[in-house]
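Worksheet: one structure, shown below.
The values are calculated or read from the model by the stated rules, or taken from the named source; none is laboratory data. In this text the structure is predicted, and so the values were computed from the model without any measurement. Don't worry about glycine lacking a Cβ; one is built from the backbone with ideal geometry, like all the others, and counts go over all protein chains shown.
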Amino acid sequence: MSDASSKIESILENITFSPGVQGVVVCNTDGIPIRDSFQDVDRSRAIALAEAASELIRGAQQVCALSGSAVDCLRIRSTSQEILVKSNGTYLLVVIQEPSE
């Protein structure tokens, strides 16, 4: 494993095991998951979250394009969970966590 790969794995592990975090998905902007922390054998949850995050980022980018700004992070909160989506233009980092009070 290269030095960059081990650094990325370390960062993902730190996020995954942070208090309140339920899961992490790394995907491309097309919504195809590359890495996730879910224990599901069939990866259905990771796939669904990656697709939803991709669609949300694309929609937000279209809205922000009207004002000439860019989207690099989204935060969606419900009573049961909070979803954070961070984009660097090529990849998306999706973090699912328990909402804080």
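Just to be sure before I move on: is THR90 touching a residue at least 24 places away in the same chain (Cβ under 8 Å), hydroxyl-bearing (Ser, Thr, Tyr) and loosely packed, with under 12 Cβ neighbours inside 10 Å in the structure I sent?
Working: touching a residue at least 24 places away in the same chain (Cβ under 8 Å): yes; hydroxyl-bearing (Ser, Thr, Tyr): yes; loosely packed, with under 12 Cβ neighbours inside 10 Å: yes.
Considered against the rule, which asks whether it is touching a residue at least 24 places away in the same chain (Cβ under 8 Å), hydroxyl-bearing (Ser, Thr, Tyr) and loosely packed, with under 12 Cβ neighbours inside 10 Å, THR90 comes out as yes.
Among the residues of the stretch 1-31, which ones are part of a strand (DSSP E or B) and aliphatic (A, V, I, L, M)?
First, pick out the residues of the stretch 1-31 that are part of a strand (DSSP E or B): 21-28.
Within the stretch 1-31, VAL21, VAL24, VAL25, VAL26 qualify.
Of the residues in the stretch 32-57, how many are without any contact (Cβ under 8 Å) to a residue 40 or more places away in the chain and either out of contact with any helix residue (DSSP H, G or I) (no Cβ under 6 Å at 6 or more places or on another chain) or farther than 14 Å from VAL95 by Cα (or both)? Don't jump to the end; show me each part of the working.
As a first pass, look at the stretch 32-57 and keep what is without any contact (Cβ under 8 Å) to a residue 40 or more places away in the chain: 32-33, 35-48, 51-52, 54-57.
Still in the running and either out of contact with any helix residue (DSSP H, G or I) (no Cβ under 6 Å at 6 or more places or on another chain) or farther than 14 Å from VAL95 by Cα (or both): 32, 35, 39-48, 51-52, 54-57.
The qualifying residues number 18.
Do any strands (runs of 3 or more DSSP E) entirely within the stretch 60-101 hold 1 or more residues that are of a type outside the set (D, E, K, R) and farther than 19 Å from ASP30 by Cα, and if so, which?
Working: elements: 73-77, 82-87, 91-97.
Qualifying strands (runs of 3 or more DSSP E): 73-77, 91-97.
Is one or more of the residues making up the stretch 19-30 modelled with pLDDT under 90 and at negative phi? Lay out the reasoning, then the answer.
Going through the stretch 19-30, the residues modelled with pLDDT under 90 turn out to be none.
Taking every residue of the stretch 19-30 in turn, none turns out to be modelled with pLDDT under 90 and at negative phi.
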